[in-house]
1. Considering every Cα-Cα pair within the range 115-194, what fraction, in whole percent, is farther apart than 19 Å?
2. Quick check for you: which residues of the range 237-277 have the amide N under 13 Å from the point 7 Å beyond the Cα of ASP153 toward its beta carbon?
3. Roll a 1.4 Å probe over the protein chains and send me the accessible area per residue for the chain in Å².
4. If each Cα of the range 301-353 is one equal point scatterer, what is log10 of I(q)/I(0) from the Debye formula at q = 0.20, 0.29 Å⁻¹?
5. Assign unit charges at the C-beta atoms only (+1 for Lys and Arg, -1 for Asp and Glu), then state the dipole size of the chain relative to its Cα centre in Debye, rounded to the nearest 20.
6. Just for the chain, what percent of DSSP beta bridges are antiparallel, to the closest 5?
7. Computed FRET efficiency, Cβ-Cβ of GLU407 and ALA189, R0 25 Å: what is it to the nearest 0.05?
8. Percent relative contact order of the chain, based on C-alpha pairs within less than 8 angstrom and at least six residues apart?
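The values are calculated or read from the model by the stated rules, or taken from the named source; none is laboratory data. Keep in mind that this is a model prediction, so the values were computed, not measured. Positions of Cβ are generated from backbone atoms using ideal geometry, with glycine treated the same way; all protein chains shown enter the neighbour counts. Accessible surface is based on the protein model in full, side chains and every heavy atom, while ligands, DNA and RNA are left aside. Shrake-Rupley method; radii C 1.70, N 1.55, O 1.52, S 1.80 Å.
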Amino acid sequence: MKKSLYAGVACVALGAGAAQAEDVTVFGPWLGPDQEMVETVLADFAEKSGHNVSYVGSDSFEQQIMVDAEAGSAPNVSVFPQPGLASDMASRGFLTPLKDGTGDWIKENYAAGQSWVDLGSYTGPDGEDDLYGFFYKVDVKSLVWYVPENFEDAGYEVPETLEDLKALTEQMVEDGETPWCIGLGSGGATGWPATDWVEDMMLRTQSPEDYDAWVSNELPFTDPKVTGAIDEFGWFIEDARVAGGRGAVASTDFRDSPKGLFASPPQCYMHHQASFIPAFFPEGTEVGLDADFFYFPAYAEKDLGKPVLGAGTLWAITNENQAAHDLIAYLQTPDAHEIWMGLKGFLTPHTGVDLDKFSDPTLRAMNEILLDATTFRFDGSDLMPGGVGAGTFWTGMVDYAGGASSEEVGKEIQDSWDALK
């Protein structure tokens, strides 16, 4: 009943907007095929609302939106790839709070709804917290990739808990097999895949509140909760558990690391990586048949639910008019999600959508993981200061893979963060 009520409110808002058509400009990070897809969604909004909608994409969104905001020429709605920049702009008065009731709608209609409200809520120039961002189009990182035929041949089953995953890892070693392929190499960004491991481990060993405190550095990298999560990652890169041994982890390019899944005989059986990794599978690999994935499970004994790590875009009002508010209301309707679901590259936490609208069964399966989430958290390194999240956190993980202790690495990263304060 609440869902129907909130959907009705959105329709009323769209109807009111149609009575007084306005121009609404949308600025975001999408170019090429993604731009065409978002424009398909916006065309439906324009038809239903009567507003005139235009979208502009840029691969320099983060820099350009600040220039436009400071010049007083910001678009009506901006699509932020990361919450951090939106938070900074909210504190400077460049964002308009969303309409009352939007947060309640999110909590009722998004899986792990409170998580999405928290991620879109920031402190304004008056020092008060408010909801500024609406998440639409998200990605999942908490995935383990495998080859079903290899599992079937060896008699292995997909694990349901992290305890099961560790037991499976040990069973593979006992069988003379190598469980994992892991590569941290990424040119100047070498080390970043390990940050995803640590973030997933933080969500599986500590509370969501501890995760948030870590991302904001209220919980320092030297805290045992954090070094413990790093050591959880370390368990998986012990020599017998990873292809090439621990010494090969940092030097193996992340794009090459899943190839061991497809070797004959297999060089490894599992690979932890986000939803984009099939782009680096051998040509002709069919996801769902030749390769598949499962949710990176949580510890049963920790009772932390089903946390999911990911990323996504949030839509915020940067130049207020009624049409901008109508667009946010439209994003609450199933149509806004189902249109893009019928194209490609789209996941949503909206519990009211028809999953049969997905054109790709792989995306549908990923979306079911998202809908089962009890907690969603954004990639932590993306929320940290650049010098840490895209700097010493990366290099620290390389040092750790090379044999440094979690305590040494934690101190090194924390010292770099302290130096930025």
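1. On the way: 1970 of 3160 pairs.
Value for the range 115-194: 62 percent of Cα pairs lie more than 19 Å apart.
2. Hits in the range 237-277 for ASP153 at 13 Å: 261-269.
3. Numbers: 16870 Å² over 421 residues.
Here the residues of the chain average 40 Å² of exposed surface.
4. -0.88, -1.18
5. Numbers: 23 positive and 69 negative charges, 125 e Å.
The calculated dipole for the chain is roughly 600 debye.
6. Working: 20 of 36 bridges.
Roughly 55 percent of the DSSP beta bridges within the chain come out antiparallel.
7. Values: r = 25 Å, r/R0 = 0.99.
Step by step, r from the Cβ atoms, then E = 0.50.
8. On the way: 752 pairs, mean separation 106.5, N = 421.
Normalised by residue count, the contact order of the chain is 25 percent.
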